[in-house]
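Scroll down for the structure; my scribbles are underneath it.
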Amino acid sequence: MSAAKKNECLPVSKDSEFDHDLDNILLENLGDTRTLQAVFELEALVLTGHCSEKDHEPPRGLQLILGTKTTPHLVDTIVMANLGYWQMKVSPGVWFLQLAPGRSSELYILKEGADGIQNKQSSKLITINDLRGKVVHMDVVKRKGREHEKLLISDDDEDPQDKKKGSGWNSNLLKWASGLIGSGEHPKNSETNATEKVKGGRRGKTINIFSIASGHLYERFLKIMILSVLKNTHRPVKFWFIKNYLSPPFKDLIPRMAQEYGFECELITYKWPTWLHKQKEKQRIIWAYKILFLDVIFPLSLEKVIFVDADQIVRTDMGELYDMDIKGKPLAYTPFCDNNKEMDGYRFWRQGFWKDHLRGKPYHISALYVVDLKKFRETAAGDNLRVFYETLSKDPNSLANLDQDLPNYAQHVVPIFSLPQEWLWCESWCGNATKSKAKTIDLCNNPMTKEPKLQGARRIVSEWSDLDLEASKFTAQTLGDDLEPFPSPNQSKDLISEGAFKEDLESKAEL
């Protein structure tokens, strides 16, 4: 169930009768209920626009900030290559749009009127006075004497003198916005990229982790993933979750869980652009959100993030992965394991189209990956991925596993650093021989057995039942839900071996 959305609005689910899972409504659970009602709340309006430069392609990568006179930087984004498109979340009021400090404002100025060019940094006044949002057209022009300079310059291409001065692509913005982390939110004194930080007994550089979940089953997995991350590191952790598909109870729970366990959390969202080919199936839309908007969904001052699947269990300090040198690549993924020979017939990338296209490069799994956001934006990786997506997605036979196929297909243009194999283990593809070295365990689907994930989780991951019990107890105590009796790990093993597992209703709704 979802709300019919106008392009200018961002509605989110707020409440539903009897706390039904709006993503997976099971008619057998409704009983005598004839009508199920849900309440949606209009959270924000969408300010969109197009930025152009006369006689040139749109200035892709140009950084924009939006705020008030007293607080000029509340929201930020970058200009995309396609139509010079940009997007920001706003509420009704008077706003000022301007170029961000750093290379964007050093190289460009706003052009006002037909032929009037201002010689100093200016702002554009925008008034949001109704629920239709607004589309803003803006022109920019390069400063005199800098007409031939490129906007996107990676650190590798910078002049050594500029590096010493710290005048990189977005270094000035990062300094200026260090306390303004928040996509569409009011400024916070969050030091997400700070070198040293002490909070709740945690010390060091913050580890930023990104995930997405839809439906009560995957929210259950997500809580377990959070706990597994926190129990294996002493560093501060900030979780970023796509807000679009989270249930109202989970959105109520997560800030309380953050307070209890000492982590930070932020809910983020991005409105699907009208010009980008839209997916129809909800699961494919969710997959798309994992990869298509990485350059614009996070605040510009966030430099790196790790994506971790909701159904993944972490067994090591994620700080090790966060600090890993990925050799200047914008993305880092783990290649699929090849040691479980029973799965050879399912390794489609070893034959036909994929074998020819990869030309010896590995095919990577999308359950865990690192995004160097600074490099990702500098190299216009987001634009390149959207171009590939727009071309391929119109063919119904392409991008069967959208979030996985797209970066693997594009890796000749958007390079991928291959992580060591132990960073992602899943039983289906890796087999038990390498399980003891696994730093993370993913509950990936087994195309041979099609075992339900809840059953597989209890069987494969020894600590899963304890983590599940801890998360369930906290949820029950916080939200006042009734706690289902959970068997001990030993009892769980006995139940599995006897084949006496009771069918879990959530498994029926598995995505």
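Points to keep in mind about this one:
- Environment charge of PHE376, counting only residues whose C-beta is closer than 12 Å and scoring Lys/Arg +1, Asp/Glu -1: 0
- Estimated distance in nm for a label pair at THR127 and THR316, the labels positioned 7 Å out from Cα along Cα-to-Cβ: 5.8 nm
- Heavy-atom accessible area order for LYS251, LYS473, largest first, 1.4 Å probe: LYS473, LYS251
- Near CYS426, the amide H atoms lying under 5 Å from its own belong to ASP442; only residues 5 or more places off or on other chains count, and H is placed 1.01 Å from N.
- Measuring only protein heavy atoms, the 1.4 Å probe finds ASP356 accessible over about 110 Å².
- Compared with the alpha-carbon gap, the fully stretched path from ASN384 to TRP275 is longer by 37.7 nm at 0.36 nm per residue.
- Annotation: per residue accessible area for segment 357-474 equals 37 Å², rounded to a whole number [probe 1.4 Å, protein chains only].
- Carbon + sulfur, % of accessible area of segment 203-292 - ligands and nucleic acids excluded, 1.4 Å: 46 percent
- Vicinal HN-Hα couplings computed from phi for segment 352-362 (Karplus, 6.51 cos²θ - 1.76 cosθ + 1.60; Hz; Gly/Pro x): x, 4, 5, 4, 5, 6, 5, 6, x, 6, x
- If R0 equals 45 Å, the separation of the Cβ atoms of LEU152 and GLU28 corresponds to a calculated FRET efficiency of about 0.25.
- Rolling a 1.4 Å probe over the protein heavy atoms leaves LYS394 with an accessible area of roughly 130 Å².
- Percent carbon-and-sulfur accessible area, segment 380-437, ignoring ligands, DNA and RNA, probe 1.4 Å: 52 percent
- Residues whose placed amide H lies under 5 Å from that of LEU419, excluding near-sequence neighbours: TYR333, THR334
- Close amide H partners of LEU246, meaning residues 5 or more places away or on another chain with modelled amide H under 5 Å apart, do not exist here.
- Largest-first principal axis extents, alpha carbons of segment 280-406, Å: 43, 36, 30
- For segment 369-442, the Cα gyration tensor yields ellipsoid semi-axes of 28, 18, 8 Å (square root of five times each eigenvalue, largest first, whole Å).
- Modelled FRET efficiency - R0 30 Å, SER462 with LYS282, Cβ distances, 0.05 increments: 0.35
- Segment 254-262 - phi-based ³J(HN,Hα) in whole Hz, Karplus 6.51/-1.76/1.60, Gly and Pro as x: 4, x, 6, 5, 4, 5, 5, 9, x
- The phi torsions of segment 301-317, fed into the Karplus equation with coefficients 6.51, -1.76 and 1.60 and a -60° offset, translate into couplings of 7, 7, 9, 8, 8, 10, 8, 10, 4, 4, 8, 9, 10, 9, 10, 9, 6 Hz, rounded to whole numbers, with Gly and Pro shown as x.
The values are calculated or read from the model by the stated rules, or taken from the named source; none is laboratory data. Given the structure is predicted, the values throughout are model-derived calculations rather than measurements. Cβ coordinates were reconstructed from backbone atoms using ideal geometry, including for glycine residues, and neighbour counts include every protein chain displayed. For the accessible areas, the whole protein counts, side chains as well, though only heavy atoms, and no ligand, DNA or RNA atoms are used. Shrake-Rupley method; radii C 1.70, N 1.55, O 1.52, S 1.80 Å.
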